[in-house]
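I have placed the structure first, in the form of C-alpha cells, so that the comments after it can refer back to it.
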Amino acid sequence: MKQKIHSVGQYLLDGCGRCDKGGTPECKVHSWNKELELLRELVLSCGLTETLKWSMPCYTFNDKNVVLISAFKHYCSISFFNGSLLTDANGVLVKQGENTQSASLLKFTSLEEIQAIESIIKDYIAEAIDHVKSGIKVAPREKKEQKLPAELEAVFDQNPAFKEAFFNLTPGRQRAYNFHFSQAKQSKTRQARIEKYMPKILAGIGFNDR
C-alpha cells in the first residue's frame with residue numbers, strides 16, 4: 001500500500017512509499033540499507049542539510065539542492081544536481097540520462113564500492129558546495145528551433161489567428177503537434193492532419209489532451 005514518507009529515517013525503514021511495495025521486504029530501499037546509511041553519513045559529514053524531496057533523501061546547502069540519495073533495483077546512487085560542473089578528475093561520474101543536462105551520479109552495487117572512494121565522494125560534495133557558494137550554474141541548453149512542415153507554414157500564412165494560437169501553446173504541445181504532422185509521409189496526409197487538429201489548437205488544447 002502506498003504511503004506518504006515524512007522523514008529520511010522513515011524512508012530508510014519503510015522505503016519511498018511511491019509503490020505498493022513500500023513497507024515490505026520487496027521494497028528496493030531494503031536491498032541497499034547499509035549502502036544508503038553510509039552515503040547518508042558521508043553526506044551529513046560534509047555539512048549539508050538533510051530533507052526529503054520527491055520521497056527521497058535530498059541534501060541542500062543554503063537552501064540549494066546539492067545531492068540526492070536514491071535506491072534502484074540494480075544499484076543505489078548519489079546524484080549531484082549540478083554534476084556537469086564537477087571536474088570529475090577520477091572519471092567516476094555517470095550521466096543521469098541521455099537528455100540530462102546537469103545532473104550526474106555515482107552508482108554503487110556494494111558497501112565496499114562506497115568505502116573505496118569515500119574521500120572522492122567528500123571531495124566532489126565539497127566542490128559542489130563551492131559552486132553553490134560562488135553562484136555558478138549550468139549554462140542553459142540552446143533551444144533548437146523547430147523545423148515545421150511546409151504545409152503548416154502555408155496554413156500560418158493563410159490564417160494568422162491559427163499561427164498565433166499554435167505559438168501560444170506550450171513548447172511541449174507545439175512539439176507534439178509538429179511531430180504528429182511531420183510523421184506523415186505524404187503532403188496530403190500532413191494537410192489532413194493539420195485540418196483535423198486545427199479546432200483543438202485554436203482552443204489551446206494539446207495533442208494528448210482530452
Sort out for me the Cα centre separation of the stretch 151-210 from the stretch 34-68, rounded to whole Å.
-> 44
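Within 10 Å of each candidate Cβ there may be at most 11 other Cβ atoms; applying that plus a DSSP loop requirement, which trypsin sites (Lys or Arg not before Pro) in the stretch 42-127 survive? Walk me through the numbers before you get to the answer.
Details: sites: LYS53, LYS64, LYS73, LYS95, LYS107, LYS122; in loops: LYS73.
In loop regions of the stretch 42-127 (DSSP not H, G, I, E or B), the sparsely surrounded trypsin sites (Lys or Arg not before Pro) are LYS73.
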For the chain, the longest principal axis of the Cα atoms and the Cα long axis of helix 187-202 enclose an angle in degrees, to the nearest 10, of 70
Under the Karplus relation 6.51 cos²θ - 1.76 cosθ + 1.60, θ = phi - 60°, what is the ordered set of whole-Hz ³J(HN,Hα) values for the stretch 107-122, x standing for Gly and Pro?
-> 9, 9, 10, 6, 5, 5, 5, 5, 4, 5, 10, 3, 5, 5, 4, 5
How big is the chain on each of its three principal axes, counting only the C-alpha atoms and giving the largest first in Å?
-> 65, 43, 31
Positive-pole candidate from VAL43, VAL92, GLN10, dipole of the stretch 8-134, charges at beta carbon = GLN10
May I ask for the angle, rounded to the nearest 10°, between helix 33-45 and the longest principal axis of the chain, with both axes built from Cα atoms and the value confined to 0 to 90°?
-> 90
Between GLY15 and residues 5 or more places away or on another chain, the pairs with built amide H atoms under 5 Å apart involve GLY23
Which is farthest toward the positive dipole end of the stretch 150-202 among PHE166, PHE156, TYR177, measuring Cα position about the Cα centre, with Cβ charges +1 (Lys, Arg) and -1 (Asp, Glu)?
-> TYR177
Taking only Cα atoms, what is the 0 to 90° angle, nearest 10, from helix 171-183's long axis to the longest principal axis of the chain?
-> 60
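Each reported figure results from applying straightforward, stated rules to the coordinates on display, with no laboratory input. Treat the numbers as computed from the prediction; the structure is a model and nothing was measured. Quick reminder, even Gly has a Cβ in these numbers, built from the backbone with ideal geometry, and neighbours come from all protein chains shown.
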